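Only the coordinates and a few stated rules stand behind these numbers; no lab work does. Since this is a predicted model, take the numbers as computed values, not measurements. Neighbour counts run over all protein chains shown; Cβ positions are idealised from the backbone, glycine included.
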Amino acid sequence: MYVYVLQSEKDKKFYTGFTKDLNRRIEEHNEGKNCSTKDRLPFNLIYYEWCLSQQDATAREKYLKSGMGKRYIRNRLKFYLREREEKQKSLTG
């Protein structure tokens, strides 16, 4: 099982979920097959973790959706996200 975090290119917001098949799930999100993300396409995978069981994955997903979990992701990815934002600004501005 995987827990993953996607970032919308449209609004820069994160989406966190879990799945058995990471590649298939990302495709489903980007093809608009998920009601909660179809208005925010396209998405980029920015983080994922492998979990031993569905129980572990749902617990980790719940944590990553919490305030502390969101801070964890932002701190873990702060340099990546900053660099990516600067690169996009230089391409558009």
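Enter the mean projected area of the convex hull around the alpha-carbon atoms of the chain, in nm², rounded to one decimal. Here the figure is 6.3 nm², rounded to one decimal. Annotation note: GluC sites (Glu not before Pro) in the chain located in DSSP loop regions with a Cβ neighbour count of at most 15 within 10 Å are Glu9, Glu31.
Taking every alpha-carbon pair under 8 Å whose residues sit at least 6 apart, the chain reaches a relative contact order of 30 percent. Once the Cβ-Cβ distance of Ala59 and Lys89 is raised to the sixth power relative to R0 = 41 Å, the FRET efficiency obtained is 0.65.
Can you tell me which of Leu52, Leu64, Leu77 moves the most in a GNM of the chain? Springs connect C-alpha atoms under 10 Å apart. It is Leu52.
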